[in-house]
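Below is one structure, written out as structure tokens; the observations come after it.
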Amino acid sequence: SNRFHPLHGVVASRGLTLSDFLDLAPWGNNLQCKLIGGMSMAEVRPRESLEAASRGEKLSAERFAGRHCSEDILAAAKHNLETRFSVVGLTEYFAESVALMALKYGWEVPSYQNFRRSSKRPSKDPLDVITRSRIEHYNSYDMELYIFGQALFRRAITNHHDEIQGNLDKLRSTPSPGRLRAFALSSVAWGRFGLSLLRSSI
């Protein structure tokens, strides 16, 4: 749905399926592992591969100019996640993750709101078995890294149970921001996101 995405045009005009996208944009496979493992975007998604995908050309393993994930990259990602990240949060435990960050950084959180939630995201249940198994196969390193991240998250929650619970109670008692304030916060969040993208491309 993002019209600014470089592959929006080809996906929308050709009605590509999720399974088609796996072959069209192989750099998206194990993306979390690749980036946390220290791979540069030039290695993850070379320009020539993006240009070919923008023309609707599916990229075979032989034609893909980027690097694929490996056991070494997974090991580096696990090491970085454990030693170079002060907080590991989980989307499905959003409030607990915010409470953990508030504890770590000494934040006072008068209100919070979860942004960038897609209203058009389909449920995973209708996925056919073949498509789902392909996604799991191509993203096996990301899945292993996720399990590792879950363990780090749970350990942090367990180690600071009372403080986290106190922060959760505070968060749940805070009023939701009004529509005007929510719009202002959303604009600031999108502005920071755009700035981070600009900095990462320099």
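Miscellaneous remarks
- Residues LEU31, LEU22, ordered by accessible area of protein heavy atoms at a 1.4 angstrom probe radius and largest first, appear as LEU31, LEU22.
- Between segment 134-156 and segment 66-101, the alpha-carbon centres lie 9 Å apart.
The values are calculated or read from the model by the stated rules, or taken from the named source; none is laboratory data. If you're wondering where the values come from, they're calculated on a predicted model, not measured in any experiment. These accessible areas exclude ligands, DNA and RNA; they are computed on the full protein's heavy atoms, side chains included. Shrake-Rupley method; radii C 1.70, N 1.55, O 1.52, S 1.80 Å.
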